[in-house]
Amino acid sequence: MGGLPTERTVYAIHSHPKAPQRLLAALQEGLYRSEDAGKTWQKVEIRVAGSLVAFAHHPEDPTLLFATTGEGTILKSTDGGAHWSQQP
Amino acid sequence: MPQCRRGVWVGAIGLVLILAGVGWWAVGGAALWHQARIPTATAGEMPGIGAPMEHVHALVLDHVRNILWRGTHQGLSRSQDEGKTWSKVEVTGEVPSTDFMALAIDPTNPQILYAAGHGLWVVKSTDGGTTWTPKKQGLDGDDVHALAMDPNDPQKLHAWVVDKGLYRTTNGGDVWARVDDGPKVPVTLAPTDVKGLLSVNISTGMGGIYLAAATTNGFFFSAD
């Protein structure tokens, strides 16, 4: 159970129904991803200003995700949240 | 190891242990909540104070029509090009507020959407987001900040009502029932500000799945 305790604000969390072991957590400090139901976490590099505040997913495709910042910038991932690209 | 008390969110154990069945249970509809640990950036990595959350709060995908729905303090908008461009949605029906802080969409029928926000209570659309109807019976407040839909039962949703607690419906919003106070800060047991709710599709072994909450004091899990 790696990781540090946190008392920080989590703005959004995500888990796909077909891949529930994979978790995403959006904090002010960045985006974190777990592939083992929270046992371990890795920080995901996202090049965007502001915090992510919401996620959207395709119900049949666990790899396809969208996320938004509070300012409305949209990011897309096609690998379940490991990598993100900003929508033009 | 944390103390666990009925009806409050306490503790500091990880989700894996929780999912393994350690100290996670619910009694009489009053869920026991646990705070999960996740890593955070070191002080050197922290970017400082982040941007305030002024506008966008919610995002869902209608996978059938390929529409992204976005909820903001100023209303509802949608995109048909994966978020490149957006158009404001003129909502009709009995909509008490234009503040859309939370959205949920039925994965089996994306024509059915739920929304909630400041002064909005919970509203529901069954025609793809055009017409909305209040679904507030049983809710004790109109300031609803978060929604979570059970992916296995789209009629079952949870809602977070500010200063009132966690509510649940099992009939598509027709009637809501209060579940508990929601997460509380460990040790002090002060209430937390819930930013989002999520149904996690892992069985509790008690007939339901887990419910997670993103809060100003970390994120928490409970048996659904």
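The values are calculated or read from the model by the stated rules, or taken from the named source; none is laboratory data. If you're wondering where the values come from, they're calculated on a predicted model, not measured in any experiment. Positions of Cβ are generated from backbone atoms using ideal geometry, with glycine treated the same way; all protein chains shown enter the neighbour counts.
Can you give me the ranges of the strands (runs of 3 or more DSSP E) entirely in region B:72-149 with at least 1 residues that are within 14 Å of chain A (Cβ to nearest Cβ)?
In region B:72-149, the matching strands (runs of 3 or more DSSP E) lie at B:75-79, B:87-89, B:102-105, B:113-117.
Does A:Gly81 fit the bill of being within 12 Å of the chain's Cα centre (by Cα) and either assigned to a strand (DSSP E or B) or not basic (Lys, Arg) (or both)?
Criteria met by A:Gly81.
Is there a residue being in the same structural domain as B:Trp69 (by TED's automatic domain parsing), touching a residue at least 60 places away in the same chain (Cβ under 8 Å) and among the aliphatic types (A, V, I, L, M) anywhere in region B:148-158?
Yes, region B:148-158 has at least one match.
Counting just the residues of region A:25-50 that are modelled with pLDDT of 90 or more and of a type in the set (Val, Ile, Thr), which one comes out nearest to the chain's Cα centre (by Cα)?
Looking at residues that are modelled with pLDDT of 90 or more and of a type in the set (Val, Ile, Thr), I get A:Val44.
Quick one: count up the residues across region A:50-65 that are more than 7 Å from chain B (Cβ to nearest Cβ) and crowded, with 18+ Cβ neighbours inside 10 Å.
Number satisfying all stated conditions: 4.
What about A:Glu7, is it assigned to a loop (DSSP other than H, G, I, E, B), more than 10 Å from the chain's Cα centre (by Cα), free of Cβ contacts under 8 Å to residues at least 12 places away in the same chain and at the interface with chain B (Cβ under 7 Å from one of its Cβ atoms)?
For A:Glu7, the condition - assigned to a loop (DSSP other than H, G, I, E, B), more than 10 Å from the chain's Cα centre (by Cα), free of Cβ contacts under 8 Å to residues at least 12 places away in the same chain and at the interface with chain B (Cβ under 7 Å from one of its Cβ atoms) - is met.
Looking at region B:153-160, is at least one residue of a type outside the set (D, E, K, R), part of a strand (DSSP E or B), at pLDDT 95 or above and in contact with a Lys or Arg (Cβ under 6 Å, 6 or more places away or on another chain)?
yes
Go through region B:92-110 and count every residue that is in contact (Cβ under 8 Å) with a residue 40 or more places away in the chain and surrounded by fewer than 18 Cβ atoms within 10 Å (Cβ to Cβ).
6
Kindly indicate the residue of region B:175-219 that is under 12 Å from the mean Cα position of the chain (by Cα) and more than 9 Å from chain A (Cβ to nearest Cβ) and also surrounded by the most Cβ atoms within 10 Å (Cβ to Cβ) among those meeting that condition.
B:Gly182
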